[in-house]
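J.: After the structure tokens below, expect a handful of questions from me.
The values are calculated or read from the model by the stated rules, or taken from the named source; none is laboratory data. Since the model is a prediction, treat every value here as computed from it, not as a measurement. Virtual Cβ from ideal backbone geometry, glycine too; neighbours counted across all protein chains shown.
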Amino acid sequence: MKGFRSTVVAVASATALVASACGGDADDAPPPPSGPVVEITGMAYSPNVITVDVGDTVTWNFDDRGRAHDVVGVGGEAAFLRSPLQATGTWAHTFTEPGTFEYTCTPHPDMRGTVIVR
């Protein structure tokens, strides 16, 4: 009987631990983007051209049915405009200088976008 009780207590404790790890409070969720958002879906950036102000943060939302993409600056922009390759989630970049910034997707070079910062 003692072995049975220990097993029940261990299972109940493990279940509570898993439930608390999976639950999470609403406060744990990242805040929604406060600036412009570029959706990555259908093998495209949408919108593919966006105009923002200096200091704006652009968020890219990766949601293309499991296909992995990235955001990589073209030319000199590649040094600072470079997201990880990912299939889901978001990545954000704050533009601190005016200019035209072109970017592409490494595995899908036909995917192209432009951020115009004024």
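J.: Please enumerate the residues belonging to the stretch 70-118 that are in a loop (DSSP other than H, G, I, E, B), without any contact (Cβ under 8 Å) to a residue 40 or more places away in the chain and under 20 Å from Gly55 (Cβ atoms).
T.: Phe80, Leu81, Ser83, listed by residue number.
J.: Confirm whether Pro107 is modelled with pLDDT of 95 or more, under 19 Å from the mean Cα position of the chain (by Cα) and surrounded by fewer than 15 Cβ atoms within 10 Å (Cβ to Cβ). Break it down stepwise before answering.
T.: Working: modelled with pLDDT of 95 or more: yes; under 19 Å from the mean Cα position of the chain (by Cα): yes; surrounded by fewer than 15 Cβ atoms within 10 Å (Cβ to Cβ): yes.
When the stated conditions are applied, Pro107 passes them.
J.: Does Ala78 satisfy being touching a strand residue (DSSP E or B) at 6+ places or on another chain (Cβ under 7 Å), surrounded by fewer than 15 Cβ atoms within 10 Å (Cβ to Cβ) and either modelled with pLDDT under 95 or among the acidic types (Asp, Glu) (or both)?
T.: yes
J.: If you don't mind, another one. Looking at Gly89, Gly99, which is the one that is farther than 19 Å from Pro33 by Cα, at pLDDT 95 or above, in contact with a strand residue (DSSP E or B) (Cβ under 7 Å, 6 or more places away or on another chain) and not aromatic (Phe, Trp, Tyr)?
T.: Values: Gly89 fails: farther than 19 Å from Pro33 by Cα.
Answer to the selection: Gly99.
J.: Among residues belonging to the stretch 29-54 that are surrounded by 13 or more Cβ atoms within 10 Å (Cβ to Cβ) and part of a loop (DSSP other than H, G, I, E, B), point out the one that is modelled with the lowest pLDDT. So that I can check it myself, show each step before the final result.
T.: Our first condition is that a residue be surrounded by 13 or more Cβ atoms within 10 Å (Cβ to Cβ); within the stretch 29-54, this holds for 33, 35-41, 43-47, 49-52.
From what's left, part of a loop (DSSP other than H, G, I, E, B): 33, 35-36, 43, 47.
Working: Pro33: 71, Gly35: 90, Pro36: 97, Met43: 98, Pro47: 98.
In this case the residue turns out to be Pro33.
J.: Would you mind telling me which numbered condition in (1) touching a Pro at 6+ places or on another chain (Cβ under 9 Å); (2) of a type outside the set (D, E, K, R); (3) surrounded by 15 or more Cβ atoms within 10 Å (Cβ to Cβ) Thr57 fails?
T.: (3)
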